[in-house]
Amino acid sequence: MFQSLSAFACLFAKQHKLFPVGINNDNIVFIETHIYRAEDISKKDKERNTLKIKWEIKTYISIYNKSQDLISKTEIDDSEIKGDSYIQLLKTSYAKGLFQIESLYPNLDHFTAEYLSFCDYQKKCERLEIQHDSLNKKDTFKYKKQDFNVKLPSNKNDEESDTFTGDLSAYFLNSIRVYKTKDLELVIGHLATGHEVSMGWITDNPKNKSNESGDPIHEAKPYDPDFEFKELHVPVYQEPIMHHGYGFDLFIVKD
C-alpha cells in the first residue's frame, strides 16, 4: 500500500502559462493554460509498479491590464493527453483559443514573438533578473537596467501547496520570452521550483559536481531553444518542468 501511494504521487507537477495574442482597448489578451502532470495508472500498471504520464490542460481567454491585474478569465477547453509530451494538446488548445479571440476582437493589435531563451533555473540571465526585497516586501524584474514591480498570481489551490511561496525568494527563472507590438514590449519570465532545487541538485557553482550522497549535480547554464521561436506558426512550446515541479508566468510591459 505504501509503495502504491508513493508511486501515485511522484509525477505530480503544475504549470501556469501565458501566451499573449494582442492588445485590445489598451488591455492584453492572453491564451492562458493551466497544465497538470499526473500518473495514468491502470490495474496492470499497479501490479507491475510502472508509471505512465498523462497531462491535463485547462485553457482560458484571459484579459489583463498592463499593471498585471486580471480583468476577466473565461474557460474554453479542458482536455488531456497521455505520454511524455503535451505539445500537440497545447497546440490544439491554443488554436481553439485563437479562433475565439479573433472572432471576439477583430481589431486586435497582434503581438510578434521576438525572443525565447532558457535560464535553467537561475536568478539572473542575460536579459532578465528576478529580485526579492525582503525588507520592503517587494518583487521585481530587472529588464534593460530598469526595475519593474511584479505581482504573484493569487490562487487558493496553489497557496495550499507545499511548493508555494508568496514571493520570489524561492523561485528561479527558467524561460524568458519577449513579444512586441509597434508600441510596446511584453516580457514574460517563467518562475519555477521543484524537487531538484529543494534537494540542491541544481547549482550555478561549477565546482559542485556531487553532493554528500554522491548524487550528480546539474550545473545551471542558460541555453537557446532548438527551434526558431519567431518562425513558429503556433508560438507555443513545452516548458521544462522539474520533479514535483511548480511554475508560473509573470509579465511586465515596457512602453
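The values are calculated or read from the model by the stated rules, or taken from the named source; none is laboratory data. Not measured: the values here are computed from a predicted model. When we count neighbours, we look across all protein chains shown, and the Cβ atoms used for this are built from the backbone with ideal geometry, even at glycine. These area figures cover heavy atoms from the full protein model, side chains too; ligands, DNA and RNA do not enter into them. Shrake-Rupley method; radii C 1.70, N 1.55, O 1.52, S 1.80 Å.
Structure notes:
- Accessible area of K14 in the full protein assembly, 1.4 Å probe (Å², nearest 10): 30 Å²
- Taking the stretch 50-169 and dividing mean pair separation by its residue count, relative contact order in percent (alpha carbons under 8 Å, at least six apart): 15 percent
- Ranking by accessible area, most exposed first, for S134, S169 with a 1.4 Å probe: S134, S169
- Stretch gain in nm, segment K182-D40, where the contour uses 0.36 nm per residue and the Cα spacing is subtracted: 46.6 nm
- Amide hydrogen proximity for V21: with H placed 1.01 Å from N in the peptide plane, the residues at 5 or more positions away or on another chain lying under 5 Å are V29, F30, I31.
- For the pair S85 and H233, a Förster radius of 22 Å applied to the C-beta separation gives a FRET efficiency near 0.80, rounded to the nearest 0.05.
- K144-C10 FRET efficiency (beta carbon distance; Förster radius 41 Å; 0.05 resolution): 0.50
- For D204, the residues whose amide H sits under 5 Å from its own are A220, ignoring neighbours fewer than 5 places away on the same chain, with H placed 1.01 Å from N.
- Residues whose amide H lies under 5 Å from that of Y143, counting only those 5 or more places away or on a different chain, are F148; hydrogens are built 1.01 Å from N in the peptide plane.
- Accessible area (Å², 1.4 Å probe, nearest 10) - T165: 40 Å²
- Accessible-area rank, largest first, for D133, D84, D226: D226, D84, D133, with all protein chains present and a 1.4 angstrom probe.
- In order along the stretch 221-236, phi translates into HN-Hα couplings of 9, x, 8, 8, x, 8, 9, 8, 4, 5, 8, 5, 5, 10, x, 10 Hz, rounded to whole numbers, per the Karplus curve 6.51 cos²θ - 1.76 cosθ + 1.60 with θ = phi - 60° and x for Gly and Pro.
- Heavy-atom SASA rank of W201, W55 (probe 1.4 Å, accessible area, largest first): W201, W55
- Our estimate of slack between H195 and H218, defined as 0.36 nm per intervening residue step minus the Cα-Cα distance, is 7.0 nm.
- Across the stretch 20-30, coupling constants 3J(HN,Hα) worked out from phi with the 6.51/-1.76/1.60 Karplus curve, θ = phi - 60°, read x, 10, x, 10, 9, 6, 6, 10, 9, 9, 10 Hz, and Gly and Pro carry x.
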